[in-house]
1. Determine ³J(HN,Hα), in whole Hz, for all residues of the stretch 84-89 in sequence, where each value follows from phi through the Karplus function 6.51 cos²θ - 1.76 cosθ + 1.60 and θ = phi - 60°; x replaces Gly and Pro.
2. With n ≥ 4 as the cut-off for DSSP H runs, can you work out [θ] at 222 nm for the chain, using -39500 (n - 2.57) per run divided by the number of residues, rounded to the nearest 500?
3. What length, rounded to one decimal in nm, is gained on full extension from Ser24 through to Arg180, with 0.36 nm per residue of separation minus their alpha-carbon distance?
4. Report ³J(HN,Hα) in whole Hz for each residue of the stretch 134-149, in order, from the Karplus equation J = 6.51 cos²θ - 1.76 cosθ + 1.60 where θ = phi - 60°; Gly and Pro get x.
5. Less than 15 Å apart at the alpha-carbon level, and either on another chain or at least 8 residues along: which aspartates and glutamates does that give for Lys158?
6. With charges only on Cβ, +1 for K and R and -1 for D and E, what is the dipole size of the stretch 122-359 about its Cα centre, in debye, rounded to 20?
7. Among rounded, prolate and oblate, which fits the stretch 67-124 when a ≥ b ≥ c are the square roots of the eigenvalues of its C-alpha gyration tensor, a/c under 1.5 means rounded, and a/b larger than b/c means prolate?
8. Per-residue HN-Hα couplings for the stretch 176-190, Karplus 6.51 cos²θ - 1.76 cosθ + 1.60 at θ = phi - 60°, whole Hz, x for Gly and Pro?
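The values are calculated or read from the model by the stated rules, or taken from the named source; none is laboratory data. All of these numbers come straight from a predicted model, not from anything done at the bench. As a convention, Cβ positions derive from the backbone with ideal geometry for all residues, glycine included, and neighbour counts pool all protein chains shown. These area figures cover heavy atoms from the full protein model, side chains too; ligands, DNA and RNA do not enter into them. Shrake-Rupley method; radii C 1.70, N 1.55, O 1.52, S 1.80 Å.
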Amino acid sequence: MELPEICKQFCLNGTYIGATVLKSGNINKTYKVDFDVSGRTESYIIQKINTYVFKKPEHIMANIEGVTRYIAKKLPPEKRERGVLSFLYTAENKNYYVDEEGGFWRGYGFIPNSITYDAYDLGLLRAAGEAFGEFQLLLADYDASTLYEIIPGFHNTKERYRRFEDKVKADVCGRVAEVREEIDFLFKVRPLGESLVNMLKAGELPLRVTHNDTKGNNILFDIDTNETLAVIDLDTVMPGLMAYDFGDAIRFAANTSAEDEPDISKTSLDLDKFEAFAQGYVGKIGSTSTEKELQTLALGALVMTIELAVRFLDDYIDGDKYFKLNYPEHNLVRTRCQIALTKDMLSKMDMMNAVIEKYI
Ligand code: ADP
Ligand code: GN1
Ligand code: MG
């Protein structure tokens, strides 16, 4: 179904002007659509959910509906319009629409005057740390038992390694021989990669309601002032560890290169960026965290980077079914970049831990 037809299902006022594709996400297909309403332009986000990744999209919608209402209630009135995602509804009052081919669509109000960043400076990082910390605080007393587990075992690295082993054995595309070195490295660091899950299983770390996808481009900033507005991309909000949210944000935003940089000599962990994010994040939630949780934040950055290397390589070996690609070798390039970052983090763990100590 064409985009203007999809928009009609969400009962939008005015005349359809046009749409642009927003490319920053690796999973869903996202459009910004513009409508002329009596000479004014109103914008919306329309997304086609990736149903290979999200097998039960209705569950995501229920989760996000609950979480966004809960956050909206807690925000001061002046922050409500731009501080949280708001859904579009169909005539049947549903927050999604399934087209005749089974395509699953949803819409949000476009948060006005907002921007997302793929590269961060220190000021933005500190602010992002505070925003993700604040997000966790807002949901600290949310009833986790009402949340569907959207992707079972999403950050369960033991499960991820087990599935990765199967994929390597199956070698369905005949790509394993070419990536032996990467596979060997990832199995060498398996105990580290699985460490957080082991601690969780041993009862050493508490589960919280976490975002689980704290990539830099999942925060909206004010386009003029760079004030943080809203944490978005709530598809994976479910119970998780604090170290997952801290770690994934660092993995993405404290890398000196993009997460898919082909020239890995440009890839490393920027300790100043690590510190800026840690200052914002720990400053916000340090007092509500256990000592052990804080001690695992730097480890979280390492674990999330290993996890992503495993996930990108798993997808490459499996024939690129999960992540969107810009070119055929994209998943392999992403893997090599995450491995390079892992190696650099390994050499800086003491310094990373010392930074966290400073803010506890
Ligand atoms: P994905 O799951 O594919 O990452 P996102 O939900 O993160 O998709 O959306 C992709 C991009 O679209 C975001 O990085 C952001 O730039 C933009 N975006 C999404 N929702 C909104 C919104 N409500 N207002 C403004 N921009 C948005
Ligand atoms: C995906 O949707 P997006 O682009 O924000 C992925 C994350 C990865 C990230 C790597 C549901 O995030 O887990 O860390 O790509 N989301 C899902 O870029 O798998
Ligand atoms: Mg996103």
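1. Residue by residue, the stretch 84-89 yields 7, 5, 10, 7, 9, 10 Hz.
2. -14500 deg cm²/dmol
3. Gain on stretching Ser24 to Arg180: 53.1 nm.
4. For the stretch 134-149, the Karplus curve yields 4, 4, 5, 5, 4, 9, 4, 10, 6, 6, 5, 5, 8, 8, 6, 7 Hz.
5. Asp166, Glu194, Glu307, Asp314
6. Using only the charged Cβ atoms, the result is roughly 620 debye.
7. Values: a/c = 3.01, a/b = 1.51, b/c = 2.00.
It comes out oblate by the Cα gyration axes.
8. Here the 3J(HN,Hα) series is 5, 4, 5, 10, 3, 4, 5, 4, 4, 4, 5, 6, 5, 8, 4 Hz.
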